[in-house]
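These notes concern the structure reproduced below.
Each reported figure results from applying straightforward, stated rules to the coordinates on display, with no laboratory input. Keep in mind the model is a prediction, meaning the values are calculated, not measured. Reconstructed Cβ throughout: ideal geometry from the backbone, glycine too, with neighbour counts over all protein chains shown.
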Amino acid sequence: MSINELAQQYNLVEGKQNDYYTMHGHQCLTKAGADKIANAEEIKMGEPIETVVQGFPFIVYKAEFTHKKSGKSVWMNASCRYDGTKNTPERSHSPEMALKRLEVRGVIKVMGLHGIHGDEEFTSYYRQHGVNEPIEGAPAPAPAPAPAPAPVQQPQAPAVQALSAEFNAANVQEMPKSPEMMGGNVTLPSGHVVNGQTEGWFPGAERLPEEWNNLMGKFAELGVGDESRPFDRSEFEIKLFDHGGMFEKKENGQGTGQWYLPSDKYGSGSQAFTSMAQGVSEYNGAIKCSAKWAIRIKKTCEEAFDQLKMMGETMINVRNAEGGTSMITLITKNSREALPNSAAPLEEQFSDTIEAAPQDPDVPF
């Protein structure tokens, strides 16, 4: 059911201060809109339970939602990260943010709605700009990605030690020489010599491909997949790669509802991330590296991994058939094995795992 169908059925009023609206291509339901649906459908939320997770900067609540008309009951969880450095609602009002996310998520879940998000799912910066907050020192996002030369074929290194049974054949490309070996410079496989003064490059960036490979190994060790089956590396790696780097195409400064994914440029093979991390473009004699964007993607995926390991599941954005984005849930092997063995549709089965806040689309790279 689309947001417009919901609005017609439950007399929802459009607007950010009302019941629903569209934000940077996302269909958003406010708490006021969720409350109207809950009242009409007689959806009740149980007493929220705070969950303490040692070692992670999150406040987490979970509660049971019961749909009186259908008898359906689901558990839902929501969190808010409070370790930001700026005075945002996420930092100053973490409990309230987590509870608002919980209430809207519960209504969306028990109603079986897809492609609709609670408006509190997105950070303050994303609400304003439509992209994640830039890393300090990163170049400003361009209005549109510039054409780049085809990725250079990289030499393959011997197979690395398997990180899981599914990773026995995993290979990484040859790493560039370290700054220490190059006297502060790094020679990339393309032959370009870069250093900390090169736009888009930073000290230590030559280790990104190896760090990415290790991170993907950690995902594999958790048995990441959906409720029905685990994914192999080729399947979950491309989803994570695109999740971390997607951004909305704009025209005249306005979002178009169409999204650009890193795989559009770098492909979907196991070397796509390395091609970005070691990518170089030239213009008017100056070179520019895309390593800054690679580390942004890695950082976003590291946060997704932390959520997955801590809570048993996490939500990521993927491109849908209409060219927009939809959120899907990735779960671990342990969470999948804990699901009831029932003939009922999976979305109607009981789930007691903590659902992480989605990571928002990144900026152009």
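Computed from label points 7 Å out along Cα-Cβ, the spacing between Val318 and Asn284 is 4.2 nm. When the square roots of the Cα gyration tensor eigenvalues are ordered a ≥ b ≥ c, the ratio a/c for the stretch 3-130 is 1.5 or more and a/b does not exceed b/c, which makes its shape oblate. For Gly200, the residues 5 or more places off, or on other chains, whose built amide H falls under 5 Å of its own are Cys289. Remark: the Met23-Gln258 segment gains 83.3 nm on full extension, using 0.36 nm per residue and subtracting the alpha carbon distance.
Summarising the label geometry, the points placed 7 Å from Cα in the beta-carbon direction at Glu96 and Arg127 lie 1.1 nm from one another. Just to verify a number: FRET efficiency for Glu337 and Lys68, C-beta to C-beta distance, R0 = 30 Å, to 0.05? Efficiency at R0 = 30 Å is approximately 0.45.
Summarising the amide proton neighbourhood of Thr325: residues at separation of 5 or more, or on other chains, whose placed amide H is nearer than 5 Å comprise Asn320. Annotation: lysines with alpha-carbon distance below 19 angstrom to Lys100 (same-chain offsets under eight excluded): Lys16, Lys31, Lys36, Lys44, Lys62, Lys109.
Protection proxy ranking, highest mean first, for peptides 93-100, 115-122: 115-122, 93-100, where packing is the per-residue count of other beta-carbon atoms within 10 Å, averaged. Points 7 angstrom from Cα along the Cβ direction at Asn39 and Thr51: gap in nanometres? Taking the simple label geometry, Asn39 and Thr51 are separated by 3.0 nm.
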